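Participant: Got a structure for you, questions after.
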Amino acid sequence: MNPSAFLPPFSFLPGSTPLLLSVPHAGLELLPGMANKLTPEAACLPDTDWCVDELYAWAAELGVGLLVAKYSRYVVDLNRPADDASLYVNQATGLFPQQTFAGQPLWQEAAQASNQAWIVENIWQPYHQKIATELQQLKTKFGYAMLLDAHSIAPMVPALFSGQLPDFNLGSFAGASAAPELIHAVWESLEHADYSRVLDGRFKGGAITRGFGDPAANIHALQLELSQSTYMSEQAQIDMTRAEQIKPVLVAMVTAMLNWQGRVDA
């Protein structure tokens with residue numbers, strides 16, 4: 001890899017609160033030479049968490065730190081463990097995806113295994129190390145730290161789940177990645193919103209939530225998988241009307257995390 005052709009793997013805007021927001025799947029960049037190896041079905045990067053960074057841009061005004069990945073999940077999936085261990089039963093994609101969520105081939109030819117170690121070292125590891133460093137700094141400063149891992153997905157993906165996905169899919173790794181009081185506060189903030197919701201349903205939290213959430217050490221992590229029907233049009237573009245309608249709900253959820261009083265005493 002020519003270093004001059006390699007973009008930084010993420011952007012980071014520091015905050016002034018104990019909360020870090022991670023957006024690992026909104027990136028659109030590919031490494032040189034990758035684009036012409038994608039199949040026609042994968043060339044438009046259909047499994048991107050479209051515009052999630054834009055959807056949460058307001059969080060910076062609340063003092064939330066923002067970490068946003070620049071590379072597509074087709075380069076490497078930052079929400080999978082480095083050893084590519086399975087997180088879900090019948091997991092469709094791994095650390096280095098070989099097919100789309102629809103089950104179609106991703107590459108015209110098999111991915112080059114020789115490049116994977118470089119990708120892990122230069123893209124996956126820096127992102128995870130940044131999360132680790134920031135959470136430790138927040139814990140040192142505030143006595144505790146929180147992580148919200150922000151995702152989105154199409155409301156219907158038959159290869160991954162049956163039927164239609166709820167609007168808000170909150171994951172706490174079955175209560176293991178965050179204090180019960182924090183989970184309850186976030187869940188309660190969604191109670192009166194005109195959106196469907198589920199806790200630890202199909203999406204319980206990926207490698208980021210599971211790997212960094214450590215309530216016993218006062219580091220708490222949650223994942224939100226948002227249905228794209230809540231803020232996108234059928235043409236796979238952000239719908240500003242829908243985005244504005246859901247914004248107060250997202251603000252209430254983040255505010256609930258910032259106002260959480262369980263903290264160090266948990």
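Participant: Using θ = phi - 60° and the Karplus curve 6.51 cos²θ - 1.76 cosθ + 1.60, what whole-Hz ³J(HN,Hα) does each residue of the stretch 141-147 get, with Gly and Pro shown as x?
Facilitator: Along the stretch 141-147, the couplings run 6, 10, x, 7, 9, 10, 10 Hz.
Participant: Then there is this: Can you give the translational diffusion coefficient of the chain in µm²/s, computed by Stokes-Einstein from the Kirkwood radius over Cα pairs at 37 °C and 0.692 mPa s?
Facilitator: Translational D for this selection: 175 µm²/s.
Participant: Okay, moving on. For a test of understanding, tell me how many lysine pairs in the chain have Cα atoms under 20 Å apart, given they are 8 or more places apart or on different chains.
Facilitator: Qualifying lysine pairs in the chain: 4.
Participant: Can you tell me, using C-alpha contacts under 8 Å and at least 6 residues apart, the relative contact order of the chain as a whole percent?
Facilitator: The value is 21 percent.
Participant: Give me the percent of DSSP beta bridges within the stretch 109-247 that run antiparallel, rounded to the nearest 5.
Facilitator: Details: 6 of 18 bridges.
Looking only at bridges with both residues in the stretch 109-247, the antiparallel portion is about 35 percent.
Participant: Which whole-Hz ³J(HN,Hα) couplings does the stretch 33-46 yield from phi under the Karplus relation 6.51 cos²θ - 1.76 cosθ + 1.60, θ = phi - 60°, glycine and proline marked x?
Facilitator: Karplus values, whole Hz, x for Gly and Pro: x, 6, 4, 7, 9, 6, 6, x, 5, 9, 4, 8, 6, x.
Participant: Pull up the DSSP beta bridges for the chain and report the antiparallel fraction as a percent, rounded to 5. Present the calculation step by step, with values, prior to reporting the outcome.
Facilitator: Details: 12 of 33 bridges.
DSSP beta bridges in the chain are roughly 35 percent antiparallel.
Participant: What number, rounded to the nearest 500 deg cm²/dmol, is the helix-based mean residue ellipticity at 222 nm of the chain, given -39500 (n - 2.57) per DSSP H run of at least four residues and division by all its residues?
Facilitator: -7000 deg cm²/dmol
Participant: Mean-square fluctuation check for the chain, GNM, Cα pairs under 10 Å: which of G213, G103, G205 is largest?
Facilitator: Maximum among the listed residues: G103.
Participant: Classify the stretch 1-100 from the C-alpha gyration tensor, please: rounded if a/c falls under 1.5, else prolate or oblate depending on whether a/b exceeds b/c.
Facilitator: prolate
Participant: Compute the long axis of helix 180-189 from its Cα atoms, compare it with the longest principal axis of the Cα atoms of the chain, and write down the angle in degrees, 0 to 90, nearest 10.
Facilitator: Once rounded, one gets 80 degrees.
Participant: May I ask you to evaluate 6.51 cos²θ - 1.76 cosθ + 1.60, the Karplus curve with θ = phi - 60°, for each residue of the stretch 130-136 and list the ³J(HN,Hα) values in order in whole Hz, giving x for glycine and proline?
Facilitator: Karplus values, whole Hz, x for Gly and Pro: 5, 4, 4, 5, 5, 5, 5.
The numbers here are math on the coordinates, done by the rules we state, and not lab data. Not measured: the values here are computed from a predicted model.
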